[in-house]
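Here's the structure we're looking at; comments come further down.
The values are calculated or read from the model by the stated rules, or taken from the named source; none is laboratory data. This structure is a prediction, so every number in the text was calculated from the model and none was measured. Note that we place each Cβ from the backbone using ideal geometry, even for glycine, and neighbour counts take in every protein chain shown. In case anyone asks, the SASA skips ligands and DNA or RNA and just uses the protein heavy atoms, side chains included. Shrake-Rupley method; radii C 1.70, N 1.55, O 1.52, S 1.80 Å.
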Amino acid sequence: MKEHNLRAARVREQAMHGLFLAAACASVAAVALICAFLFANSIPAFVEIGPLNFLLGTEWRPGNDLYGIFPMIMGSIYVTAGALALGVPVALLTAIFLARFCPPKLYRLLKPAVNLLAGIPSVVYGFFGLVVLVPFVRNAFGGNGNSILTASVLLAMMILPTIVGVAEAAIRAVPETYYEGSLALGATHERSVFFAVFPAAKSGVMAGVILGVGRAVGETMAVIMVAGNQPRLPDSILEGVRTLTTNIVMDMSYAIGLHREALIATGTVLFVFIMIINVLFSLTKRRSER
Amino acid sequence: MRRAKRRDPLSVALRVLVWIAAGITAGVLLLLVGYILVKGIPNLTPELFAWAYTSDNCSMMPALMGTLAMTVLALVIAAPLGIFSAIYLVEYAPKSSKLVKVVRMTSETLSGIPSIVYGLFGYLFFLVELRLTYSLLAGACTLAIMILPLIMRTTEEALLAVDPMYREGSFGLGAGRLRTVFRIVLPSAVPGILSGIILATGRIDGETAALIYTAGTAANHPETLMTSVRTLSVHMYVLSGEGLHIDQAYATAAVLLVVVVVINALSSFIAKRLAKG
């Protein structure tokens, strides 16, 4: 009887071990499936359009069978660059403030506020952009308001909490001796933080910025509501653009045949971009941990 | 000393700069939340909560129900997978196992993939390959993959935070690994796991891009798994895209904002209680 129980226990133990192992493989399977389906489904587009015509073609006119996504690639780069230019300085200074300047009472308010900013859905950001930023840009700078500038401002707001979170942790991880050593040499609190502590947190801060880039490049719904979505190379930051992400959402509902395959290939290009950014992120993070 | 500090113009400038930056960050949040709430709350009318959606009343009731069903279904799929794989990584896998490295890498990859790519994949896999229609099921499966890494990571952290003494004590008393995991480790990790699941709920409720081409945008009540539904976020997107019902859009944005804020606050409250012990 006892031996029977023991054997049952051993079988149960083995079975659950197998189950846990299988669950652990789920994420591996998910990544494999995502890669397989995206790549396999975009091969026809790459073959029929030609990789160079597809990636470097400047005309996206599905009606005329012209599928060049160069304007979308540049669009993604423009809005991301704009978001970084506006967002990174504010984010880094806020991170420094939170880590080294903030009075504890204020910290208890400001830190949850930053976290809250990260939790707001992108469609709410997009709506805010639509009803507040678009009219503002239209009145202040001209144009119709749906522009690179508007999208950049909105994305800057969205990547703020991402960068602040990672950068603050990096600054806090710098050994206190850096700060104390600098103070002992006669530097002020501000100079010590900016010229001794902050440079030491460089790679961690960089990791935060790269994470922000990933968020900005991948953002879809907020951008689609404020960027105008015209598939052409813009001449100024007050003109509209279409990004890789929005290209998929704009056309997917009615696309068929080669047009649809070109959209899937757009997704693959986006996916490869994000992969490169992710690899950069983990390399930088590993360096900062060392 | 004090006077020297004041006299250094660079230090003063730097101090002013960080305060301005913090002010901007706080200002962005106040502006966004304040604007949406002030414009949205006065527009909340009983009609907006009517049971059935018509293009006149723009009721968010089907969307609320759709969100609820979507959240429950996605969690039912993702939570066991995520928790079990975290159990494997922390409790079972040998320390230097290759598999652990691969799983960590893939889950990091998953958490970096933009939601539109999930939407595209969900469309290609669940709709084209498996022949589902726009449905609750296809949307929930897509979202389950999306939140998997989040649940895995938070559960892993919660399990690692359990004092190793508990495990040793349990093994010392003759309990097997399985019993130790379920009777000793998991119960003490519950708050951490819960906080992760609530965080995942927040991501599901805020998601739009992954759902448009998997669950569709129809304003149905979620009657079966194969019904096409819209969540509150998708509803919000459709409303603001039409541009006709701007008052209703404000009200819907306010409701969505409050829902997500409450969910996030709940998660950090539970996490904080965990930290206190």
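Report, by residue number, each residue of region A:208-259 that is more than 9 Å from chain B (Cβ to nearest Cβ) and within 12 Å of the chain's Cα centre (by Cα).
A:GLY208, A:VAL209, A:ILE210, A:GLY212, A:VAL213, A:ALA216
Looking at region A:71-84, is at least one residue within 30 Å of A:ALA196 (Cα to Cα) and of a type outside the set (Gly, Ala, Ser)? Even if it seems obvious, please write down each step before you answer.
Quick first cut of region A:71-84, residues within 30 Å of A:ALA196 (Cα to Cα) only: A:80-84.
Restricting the remaining residues to those that are of a type outside the set (Gly, Ala, Ser) gives A:80, A:84.
For region A:71-84, residues within 30 Å of A:ALA196 (Cα to Cα) and of a type outside the set (Gly, Ala, Ser): present.
List every residue pair whose Cβ atoms sit under 8 Å apart, with the two residues 6 or more apart in sequence or on different chains, where the first one lies in region A:254-280 and is open to solvent by 10 Å² or more (accessible area, probe 1.4 Å) and the second, anywhere, is of a type in the set (S, T, N, Q) and part of a helix (DSSP H, G or I).
From region A:254-280, the pairs are A:GLU261/A:ASN41; A:GLU261/A:SER42; A:PHE273/A:SER76; A:MET275/B:THR109; A:ASN278/B:THR109.
How do the helices (runs of 4 or more DSSP H) wholly within region A:62-149 filter down when requiring 3 or more residues that are open to solvent by 50 Å² or more (accessible area, probe 1.4 Å) and within 30 Å of A:ALA255 (Cβ to Cβ): which remain? Write out each step before concluding.
Numbers: elements: A:70-96, A:104-119, A:122-128, A:134-141.
Output list reads A:70-96.
Name the helices (runs of 4 or more DSSP H) wholly inside region B:184-277 in which the number of residues that are within 11 Å of chain A (Cβ to nearest Cβ) and of a type in the set (Gly, Ala, Ser) is 3 or more. Please lay out each step first, then the result.
Details: elements: B:186-206, B:232-242, B:246-276.
Hits in region B:184-277: B:232-242, B:246-276.
Only one residue in A:PRO112, A:PRO104, A:PRO89, A:PRO44 is at pLDDT 95 or above and more than 29 Å from B:MET105 (Cα to Cα). Which one?
Details: A:PRO112 fails: at pLDDT 95 or above; A:PRO104 fails: at pLDDT 95 or above; A:PRO44 fails: at pLDDT 95 or above.
After ruling out the rest, the residue left standing is A:PRO89.
Can you spot a residue in region B:93-102 that is within 11 Å of chain A (Cβ to nearest Cβ), touching a Leu at 6+ places or on another chain (Cβ under 8 Å) and surrounded by 17 or more Cβ atoms within 10 Å (Cβ to Cβ)?
Scanning region B:93-102, I find at least one residue that is within 11 Å of chain A (Cβ to nearest Cβ), touching a Leu at 6+ places or on another chain (Cβ under 8 Å) and surrounded by 17 or more Cβ atoms within 10 Å (Cβ to Cβ), so the answer is yes.
Here are the criteria: (1) open to solvent by less than 30 Å² (accessible area, probe 1.4 Å); (2) farther than 30 Å from B:LEU30 by Cα; (3) more than 13 Å from every other protein chain (Cβ to nearest Cβ). Tell me which single one A:SER42 does not satisfy.
Unmet condition: (3).
In region A:127-157, which residue that is aromatic (Phe, Trp, Tyr) and out of contact with any Leu (no Cβ under 7 Å at 6 or more places or on another chain) is farthest from the other protein chains (Cβ to nearest Cβ)?
So the first thing to find is which residues in region A:127-157 are aromatic (Phe, Trp, Tyr), and the list is A:127-128, A:136, A:141.
Subset that is out of contact with any Leu (no Cβ under 7 Å at 6 or more places or on another chain): A:127, A:136.
On the way: A:PHE127: 5, A:PHE136: 11 Å.
The selected residue is A:PHE136.
Just to be sure before I move on: is B:VAL181 open to solvent by less than 20 Å² (accessible area, probe 1.4 Å) and more than 22 Å from the chain's Cα centre (by Cα) in the structure I sent?
On the way: open to solvent by less than 20 Å² (accessible area, probe 1.4 Å): yes; more than 22 Å from the chain's Cα centre (by Cα): yes.
Yes: the conditions hold for B:VAL181.
Within region A:157-180, track down each residue that is more than 14 Å from A:ALA118 (Cβ to Cβ), open to solvent by 10 Å² or more (accessible area, probe 1.4 Å), assigned to a helix (DSSP H, G or I) and not charged (D, E, K, R).
A:ALA170, A:THR177, A:TYR178, A:TYR179, listed by residue number.
Say whether the condition of being on the phi < 0 side of the Ramachandran plot and in contact with a Gly (Cβ under 6 Å, 6 or more places away or on another chain) is met by at least one residue in region A:83-97.
Step one: filter region A:83-97 for residues on the phi < 0 side of the Ramachandran plot, giving A:83-97.
Remaining after also requiring in contact with a Gly (Cβ under 6 Å, 6 or more places away or on another chain): none.
Checked region A:83-97: no residue is on the phi < 0 side of the Ramachandran plot and in contact with a Gly (Cβ under 6 Å, 6 or more places away or on another chain).
Report the residue count in region A:2-37 for those that are within 7 Å of chain B (Cβ to nearest Cβ), over 29 Å from A:THR268 (Cβ atoms) and at pLDDT 90 or above.
Keep residues of region A:2-37 that are within 7 Å of chain B (Cβ to nearest Cβ), which gives A:9, A:12-13, A:16-17, A:19-21, A:23-24, A:26-28, A:30-31, A:33-34, A:37.
Still in the running and over 29 Å from A:THR268 (Cβ atoms): A:9, A:12-13, A:16-17, A:19-21.
Right, trim to at pLDDT 90 or above and you get A:16-17, A:19-21.
Residues in region A:2-37 being within 7 Å of chain B (Cβ to nearest Cβ), over 29 Å from A:THR268 (Cβ atoms) and at pLDDT 90 or above: 5 in total.
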